[in-house]
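Peer 1: Below you'll find the structure I mean.
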């Protein structure tokens, strides 16, 4: 049976969710309605343009962006303060790594063995203070102004617009994000770039619908022809450009439906079972604390497979890291549960990339929306702390095996080499061969917009 993985959920959702296109999220090829109802069953990304686009044909560079939902505790992971008072230091002890002088949490023994393949930013500044994924995907704060028409676009949509697909059957921007019931946790839609630059989302909750259900490709083509006829009439009266976006989805959908490239990448049964086992197992059904993302280490493996299939940007939301609440020590119980699983999965991804020769071309970024309070509250543990946060990077041909920046003795403020979110995104663009200081994308009014805020440059220590 030919399967096609679709995007989104048929339930009512706000436009701020991962795919950004509410109620237009599923391709239901089993019945006529999904194809005939003005194309509303399609929510696929980048139009496969007939002409070559910038970047196509060059070396395939890629980014895997992993968002730790809810704000990871920097001082319990990569910036431990063992000499601080106990109400600041917490129970974890630092361990040495294979990079002289670099220590990380004792719950990360696998990363410690591979620290020469990572770079840690301990001095990420400029975070917003609320539970909102927007900054992690766009480099902008949710309240930043002035906003372009349609709003700021996420990194994956910008790359999709600038570089287009590597292969016709693989979208340039694939989101493996699961829906979170707390809306701001979800990846924003394409904003100023319009619907055609939406991510392709295969992780929607009704994947049982992702099959042709016995329909032949000839019959599918006939239905697509009818859809184009209907759309042609609608497009004549459309002044928003939305119908053109839907038409791009239709073309992409046909390419995916008639090719096994993307389906194979999403099918872990085609992967070596030993490799799957290295990443560990997870639970796609259970949302941690009810409103976060599920803890699914296999998402990291699927991200690698998608990169091999031609995706330029793959985004992942992973688990739930907002552990304050209840008794103050609850945070450390949750860390003891989550840290080892994450350690195993991220180390397996890095090993995989190196084993397959992808480490120079694929950049991995791991971070969350803010850091955590230096002082541990006996009531809520570590609370939100936007003053300083952390980021973990790997691959991309960068200079790794180093720590960038430092915080004070309590882990509350950056004291050396503060790094901004915009600098991190400028680095990602640089690794893809895009000069963020000169490149622009046009918003919905046709006005060019810069890729990063201010005059941010790539992180000099890494490039």
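What follows draws every value from the coordinates through simple rules; no lab data is involved. These numbers come from a predicted model, not from an experiment. All Cβ positions, glycine included, derive from the backbone under ideal geometry; neighbour counts span all protein chains shown.
Peer 1: Could you work out the percent of alpha carbon pairs in the stretch 270-403 separated by over 21 Å, rounded to a whole number? Could the numbers behind the result be given before it?
Peer 2: On the way: 4303 of 8911 pairs.
I get 48 percent for the Cα pairs in the stretch 270-403 exceeding 21 Å.
Peer 1: Order these peptides, 159-171, 369-381, by their mean beta-carbon neighbour count within 10 angstrom, highest first.
Peer 2: On the way: 159-171: 22.8, 369-381: 20.8.
Output ranking for 159-171, 369-381: 159-171, 369-381.
Peer 1: I've got another one for you. Would you mind ranking 358, 353, 193 by Cβ crowding within 10 Å, fewest neighbours first?
Peer 2: On the way: 358 17, 353 23, 193 26.
With the sparsest Cβ surroundings first, the list reads 358, 353, 193.
Peer 1: Provide the FRET efficiency to the nearest 0.05 for the residue 383-residue 447 pair, computing r from the beta carbons and using R0 = 45 Å.
Peer 2: Details: r = 40 Å, r/R0 = 0.89.
The pair residue 383/residue 447 has a calculated efficiency of 0.65.
Peer 1: Where does each of 332, 78 land when they are ranked from fewest to most other beta-carbon atoms within 10 angstrom?
Peer 2: Details: 332 19, 78 24.
Listed from fewest to most nearby Cβ atoms, that is 332, 78.
Peer 1: In what order do 313, 452 fall by count of nearby beta-carbon atoms within 10 Å, going from fewest to most?
Peer 2: The most exposed by this proxy come first: 452, 313.
Peer 1: If you don't mind, another one. With only alpha-carbon atoms counted, please give the Rg and Dmax of the stretch 55-185, in Å.
Peer 2: Both quantities, over Cα of the stretch 55-185: 18.8, 57 Å.
Peer 1: Return the FRET efficiency for the residue pair residue 261, residue 460: r is the Cβ-Cβ distance, R0 is 30 Å, and the value is rounded to the nearest 0.05. Can you show the working numbers first?
Peer 2: Details: r = 38 Å, r/R0 = 1.26.
It comes out at approximately 0.20.
Peer 1: I would also like to ask the following. At a Förster distance of 22 Å, what's the computed FRET efficiency of residue 100 paired with residue 406, Cβ-Cβ distance as r, to 0.05?
Peer 2: My answer for the efficiency is 0.85.
Peer 1: Using the C-alpha gyration tensor of the stretch 355-429, what are the square roots of 5 times its eigenvalues, in whole angstrom, with the largest one first? Provide the component values of the computation, followed by the final result.
Peer 2: On the way: eigenvalues 163, 37, 25 Å².
Sorted largest first and rounded, they come to 29, 14, 11 Å.
Peer 1: Residues in the stretch 330-365, backbone N under 16 Å from the label point at residue 272 (7 Å along the Cα-to-beta-carbon vector): list them, ranges by number please.
Peer 2: So the set is 348-359.
Peer 1: Looking at the stretch 338-463, what % of the alpha carbon pairs are farther apart than 19 Å?
Peer 2: Numbers: 4779 of 7875 pairs.
In whole percent, the long-distance tail amounts to 61.
Peer 1: Along each principal axis of its Cα atoms, how long is the stretch 291-340 end to end? Whole angstroms, biggest number first, please.
Peer 2: Computed over the Cα atoms, the extents are 46, 20, 13 Å.
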